[in-house]
Amino acid sequence: MRIPTSLPRRALVPFVAAVALLATAASSVAEEACGSIITAPLARPVAADDPCPSTDPVVCRIRVLPMDEKVEAQRTRMQYHELLEDMHRTEANMREAGASDEEIARELVDMRNQAKAITRAGMTPEEVRVLEARNMARYGNPLGPTADQLYAKYGTWQQVIDASMRTSYAVDRELSLEYRPCPV
């Protein structure tokens with residue numbers, strides 16, 4: 001029995017259309033993705049004496065971590081991003097309840113510092129030491145700035161709110177992550 005040559009083409013057209021539809025749906029989902037987004041495979045560790053292109057000691061430390069520790073650092077960072085999501089929901093709930101910008105800012109700065117403490121519990125003592133040393137040098141506090149320090153720096157409570165929910169682009173990039181806040 002001979003199969004007509006037009007049959008494979010007729011079967012191929014729906015297949016190509018289905019693939020195109022799936023590709024469109026996948027790109028739509030990717031556009032809507034939020035939270036921690038893995039952007040690439042983690043970079044292999046570099047030698048400790050390799051010059052670090054960043055001024056951030058945390059980034060420099062991540063670059064030399066063994067791969068298993070780098071994977072764990074990425075997981076920890078993703079947990080931190082989840083805590084930032086909690087902060088976005090808290091802000092929305094507090095606004096709905098009529099809280100002032102100052103009340104929201106103070107709550108979010110406290111939550112951010114608690115989030116740092118929680119995520120650091122899964123880090124090595126050396127990683128925690130680097131983070132705390134950086135914060136002590138900058139803010140005089142191992143967890144980071146207080147709400148009042150941020151208010152003095154930015155001048156408005158809304159800017160304190162915004163700052164409290166930022167993440168370090170350099171650290172995220174070094175861990176092959178991008179953080180995108182989810183809609184609340």
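The values are calculated or read from the model by the stated rules, or taken from the named source; none is laboratory data. Quick caveat, the model's predicted, so the values are computed rather than measured. When we count neighbours, we look across all protein chains shown, and the Cβ atoms used for this are built from the backbone with ideal geometry, even at glycine. Just so you know, the surface numbers come from the protein's heavy atoms only, side chains and all, with ligands and any DNA or RNA stripped out. Shrake-Rupley method; radii C 1.70, N 1.55, O 1.52, S 1.80 Å.
Yes/no per residue for (1) over 20 Å from T55 (Cβ atoms); (2) out of contact with any Pro (no Cβ under 9 Å at 6 or more places or on another chain):
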site	(1), (2)
R106	yes, yes
E126	no, yes
Y139	no, no
Q149	yes, yes
A170	no, yes
L177	no, yes
- Would you check if there is a residue in the range 156-168 being at pLDDT below 95 and open to solvent by 40 Å² or more (accessible area, probe 1.4 Å)? yes
- Message: I'm trying to understand the selection: among the residues of the range 52-62, which are in a helix (DSSP H, G or I) and open to solvent by 30 Å² or more (accessible area, probe 1.4 Å)?
- Response: P57, C60, R61
- Query: Can you find even one residue in the range 13-35 that is modelled with pLDDT of 90 or more, loosely packed, with under 10 Cβ neighbours inside 10 Å and of a type in the set (D, E)?
  - Reply: no
- Search the range 141-156 for residues that are hydrophobic (A, V, I, L, M, F, W, C) and pair each with any residue that is open to solvent by 40 Å² or more (accessible area, probe 1.4 Å) when their beta-carbon atoms are under 6 Å apart and the residues are at least 6 apart or on different chains. A147/R106
- Query: Give me the pairs: first residue in the range 160-184 and without any contact (Cβ under 8 Å) to a residue 40 or more places away in the chain, second residue open to solvent by less than 40 Å² (accessible area, probe 1.4 Å) and not in a loop (DSSP other than H, G, I, E, B), beta-carbon distance under 7 Å, and six or more apart or on different chains, which are they?
  - Reply: A163/L150
